[in-house]
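Remarks on the structure that follows.
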Amino acid sequence: MKFICAQQNLVQGILIAEKVIGRNMTLPVLQNILVTCDGKKGNIKLAATDLEIGVEVTIPAKIEEEGSVAIPSRFFAGFLKNLPEEKVEVSEKSYTVSLRCANYKSNIKGESGNDFPLIPQASGKEDLAMQSGDLCDGISSVLYSCSLLDIKPEISGAYVEVKKDGIWFVGTDSFRLAEKQIPYSLKQSNVKKTIIPHKTCDLILKVFEGVHCPLTLEVDHNQLIIKNIPEDSLMLEIRLVSRIIDGEYPQYEQIIPTSFLTEVEVSREECMRHIKNASLFSNKINEVTLRIDPQKQRMEVSSGDAASGDYESFISCAIHGKERKLVFNFQYLLDGIQRMKTARMRVRCNEEISPVLFAPVGSDDFRYVVMPIKT
């Protein structure tokens, strides 16, 4: 195997591939990146997997000799990151990989590519096409609400449902729920409902957030396959393959309240500032209290801890309905409020132990439901 490639492209591909590499002492081959040369297509392919998620990055290169070899990620990535932005010559003989760039040279002991696990290929079914920014926006808007425990696997990932007029992203851990709608005009797709694991969502954000390009999504045999469509010669081809969570997502719409006894409209930024200040004096379970006062048309924010002191402030706002005292985990409040993109938001509630709905004013694309803490 022998090829010549731009250092920038090779490092960019390795940085993506190594994101899926974890510690696996039973299968040391998974610590490697598989490098495959394709002379007909004039490119190399970098592949990495942890057996749950796999990623392939295709990079243009001058191929002088075809072949494949598995190279330890630690040495391969570490050496290449510190090279100048010049051409890199990579060759392999008897599983020893030689790398040359300018005045730098290294020999790395590799392994046979035949022992590297296969990463499933696409089936060619109809795909769902969307922009990378929309996918990342949908995932980041709900991922923080997904359960981090495997007790209920079906809520340990982001739920995605494709409808005729949009794509819905949902996350819940039973204490809170976030729902984000991405407008979309659907023609045909084999992607209908799927649950993407938390780890895969993290990887999607790390790889595609801030990268503006079209993507195709395909679900086949309990696997999700995401591919980008490079819009210029400088963009690398990326293919991400992940298992999806097998199970029925809860009927989450049933827990979102539709009628309310109290409604508050308030500045989103100002509300966040008050909650952040209150969080400094919160107790060990992160409690902050919101007192809704319709008579004074304000919402009081307070917290206290015997060891650190106490805090109290108020926000002028428009209130309709009954007086309420609500106790929340302040981090839950901040997680959802900061995802809203409008200047003002609504807080709608009923009894003091009933779910509370937070939503942006002037937009119907996001809803956030939080259960108050029982006191």
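Side notes on the structure shown:
- Total residues in the range 311-364 satisfying the condition of being farther than 21 Å from Asp137 by Cβ, part of a helix (DSSP H, G or I) and either touching a Lys or Arg at 6+ places or on another chain (Cβ under 9 Å) or of a type in the set (D, E, K, R) (or both): the figure is 1.
- Considering the range 31-72, the qualifying strands (runs of 3 or more DSSP E), each wholly inside and each with 1 or more residues that are touching a Phe, Trp or Tyr at 6+ places or on another chain (Cβ under 6 Å) and modelled with pLDDT of 95 or more, run over 32-38, 43-49, 62-65, 67-72.
- Note on the range 230-243: among residues that are touching a residue at least 60 places away in the same chain (Cβ under 8 Å) and either among the small types (Gly, Ala, Ser) or in a loop (DSSP other than H, G, I, E, B) (or both), the one that is surrounded by the fewest Cβ atoms within 10 Å (Cβ to Cβ) is Ser233.
- Arg273 meets all of the listed conditions (1) free of Cβ contacts under 8 Å to residues at least 12 places away in the same chain; (2) among the basic types (Lys, Arg); (3) touching a Pro at 6+ places or on another chain (Cβ under 8 Å) but one, namely (3).
- Matching residues in the range 76-113 - criterion: being part of a loop (DSSP other than H, G, I, E, B) and either touching a Leu at 6+ places or on another chain (Cβ under 9 Å) or charged (D, E, K, R) (or both): Leu83, Glu85, Glu86, Ala102
- Any hit, the range 197-208, residues being under 28 Å from Ala359 (Cα atoms), touching a residue at least 12 places away in the same chain (Cβ under 8 Å) and in a loop (DSSP other than H, G, I, E, B): no
- Given (1) surrounded by 14 or more Cβ atoms within 10 Å (Cβ to Cβ); (2) farther than 30 Å from Lys152 by Cβ; (3) not β-branched (Val, Ile, Thr), number of the condition Leu280 does not satisfy: (1)
- The single condition among (1) touching a helix residue (DSSP H, G or I) at 6+ places or on another chain (Cβ under 7 Å); (2) surrounded by 14 or more Cβ atoms within 10 Å (Cβ to Cβ); (3) assigned by TED's automatic domain parsing to the domain that holds Val142 that Glu248 does not satisfy is (2).
- Test: Gly321 is touching a Phe, Trp or Tyr at 6+ places or on another chain (Cβ under 6 Å) and in contact (Cβ under 8 Å) with a residue 60 or more places away in the chain: no
- Enumeration of residues in the range 149-186 that are more than 20 Å from Leu224 (Cα to Cα) and aliphatic (A, V, I, L, M): Leu149, Ile151, Leu177, Ala178
- Residues (surrounded by fewer than 18 Cβ atoms within 10 Å (Cβ to Cβ) and not hydrophobic (A, V, I, L, M, F, W, C)) located in the range 303-313: Gly304, Asp305, Ser308, Gly309, Asp310, Glu312, Ser313
- Residues in the range 1-28 that are assigned to a helix (DSSP H, G or I) and more than 24 Å from Cys101 (Cα to Cα): Lys19, Val20, Pro28.
- Qualifying residue in the range 247-259 (condition: among the hydrophobic types (A, V, I, L, M, F, W, C), in contact (Cβ under 8 Å) with a residue 60 or more places away in the chain and within 30 Å of Ile319 (Cβ to Cβ)): yes
- Residue selected from the range 257-273 under the condition closer than 22 Å to Ser145 by Cβ, at pLDDT 95 or above and touching a strand residue (DSSP E or B) at 6+ places or on another chain (Cβ under 7 Å), by the criterion surrounded by the most Cβ atoms within 10 Å (Cβ to Cβ): Val264
The values are calculated or read from the model by the stated rules, or taken from the named source; none is laboratory data. Quantities reported herein were computed from a predicted structural model and do not represent experimental measurements. All Cβ positions, glycine included, derive from the backbone under ideal geometry; neighbour counts span all protein chains shown.
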